[in-house]
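Worksheet: one structure, shown below.
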Amino acid sequence: MIIDRLFAEIDLKALINNYMLLKELSHGKDIYAVVKADAYGHGSVPCSLALEEAGCNHFAVTVLKEAIELREAGVKGEILVFGKTDSRNIDLINRYGITQTVDSYDYALALNLQNTSINVQINIDTGMSRLGIMLHKEEDLENVFQEVYKISRLKNLKITGMYSHFTSADSDIDYTNKQKHLFDKLLEKLKKEEIDYGKAHLKNSGGIIEIDDVKYDISRAGIALYGYPPVPTKQDFLPVMSLYSKVIAIRNIDVGDGVSYGRTYIASEKMKVATIAIGYADGYMRILSNNDYFFYKGYKLQVLGRVCMGLTMVDVTGVDIHEGDFVEIFGKNKSLEDMAKRAHTITYELLTNMSKPRVDRVFIK
Ligand SMILES: Cc1ncc(COP(=O)(O)O)c(C=O)c1O
């Protein structure tokens, strides 16, 4: 079917460029390509296959369903599930050769009781208060060690990794170092007691850029992989997704005419208005009403009035633009970071919004 509305152009060369930069920053060590939520809206299967061809051997997702989708599409590398799979699905974890995160001895025990061998990684909560064995202070070290030790004795589970997650790698280096210290202490103790924890990993995109510590075996990168490093960096990360939508109508309006629901925009002069095929049902947030622009051949086309479910109007006065032309919503010429500020959100949310089925994808190799 011919694309007749909205599409995300996914530049796989940019993705590989970003992967290589992250590997360089990691002194050649591999990274888990975090491809959860359909690769942050970029399409997890094509992105993972392209990354695998470029040498990536590790992938991470949130739920088992996402992991199975990758395996069935031919991804051969390790696939780590961050979330908590129901223990009754253990045969699927085993059949598809997936690595499951465990966040407590109780959950590990429930998996072990199913009598099926699987690989697991242990999540240590050093500050997120989300998932993982709690290690918020040094006094907890002995208890955490005992919990890990008990997991290591479960005969059906092979521990292939241990990880923790930074809360503020992009904003608070002191707290990041505190988390790192706790995690390092645990690794030290496990080593001393000769408990095999497999690969250790801690750094996300922000951590890879901010913390140059070669001790860890691997890191996990999401947002930087897609071209948006969350902290300033000298490296040339490139946006992978550019979003375009079609002009589907153009009209001239008079002084006093309103635009869109509620008439929150009233023309104070004669104007030319274009209707663009994108709205909040496509992931283009309603909070951007009267507060964003689209890019077209060097022009910034101001959004006029409220964003509708599938349509948004922009000012094209004096612009040589026609029905059927495409405008850029964000990407190579229009900053997603800027748009995230206007929408009071983060690049992550705007990108994952684009996993809606109404958004077509075009992959550039
Ligand atoms: C456990 C875990 N590791 C790594 C990441 C990747 O983080 P980022 O996209 O900031 O690189 C995420 C994403 O939120 C995560 O939940």
Out of every Cα-Cα pair in the chain, what percent are more than 32 Å apart? 41
Output the 0 to 90 degree angle, nearest 10, between the alpha-carbon long axis of helix 173-192 and the longest principal axis computed from the alpha carbons of the chain. 30
For the chain, the accessible surface attributable to carbon and sulfur atoms (probe 1.4 angstrom, ligands and nucleic acids excluded) amounts in percent to 50
Beta bridges by DSSP in the chain, antiparallel share as percent, to the nearest 5: 45
How high is the relative contact order of the chain, in percent, counting Cα pairs under 8 Å that sit 6 or more residues apart? 19
With every protein chain kept in place and ligands, DNA and RNA left out, what is the accessible area per residue of the range 12-221? Probe 1.4 Å, answer in Å². 43
Run through the range 272-365 and list the GluC sites (Glu not before Pro) located in a DSSP loop whose Cβ has at most 15 other Cβ atoms within 10 Å. GLU323
Is the range 12-221 best put as rounded, prolate or oblate by its Cα gyration tensor, with a ≥ b ≥ c the root eigenvalues, rounded for a/c under 1.5, and otherwise prolate when a/b is larger than b/c, oblate when not? oblate
Angle check, please: helix 12-25 long axis (alpha carbons) against the longest principal axis of the chain (alpha carbons), in degrees 0 to 90, nearest 10. 40
Okay, helix-only estimate at 222 nm for the chain: each DSSP H run of n ≥ 4 adds -39500 (n - 2.57), divide by all residues, round to 500 deg cm²/dmol; what do you get? -8000 deg cm²/dmol
So which GluC sites (Glu not before Pro) in the range 147-255 end up in coil per DSSP with only 13 or fewer other C-beta atoms within 10 Å? GLU193, GLU194
Rounded accessible area per residue of the range 241-334, 1.4 Å, Å²: 45
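The values are calculated or read from the model by the stated rules, or taken from the named source; none is laboratory data. This structure is a prediction, so every number in the text was calculated from the model and none was measured. Cβ sites come from the backbone with ideal geometry, for glycine too, and all protein chains shown count toward neighbours. Just the protein is used for accessible areas: all its heavy atoms, side chains included, with ligands, DNA and RNA removed. Shrake-Rupley method; radii C 1.70, N 1.55, O 1.52, S 1.80 Å.
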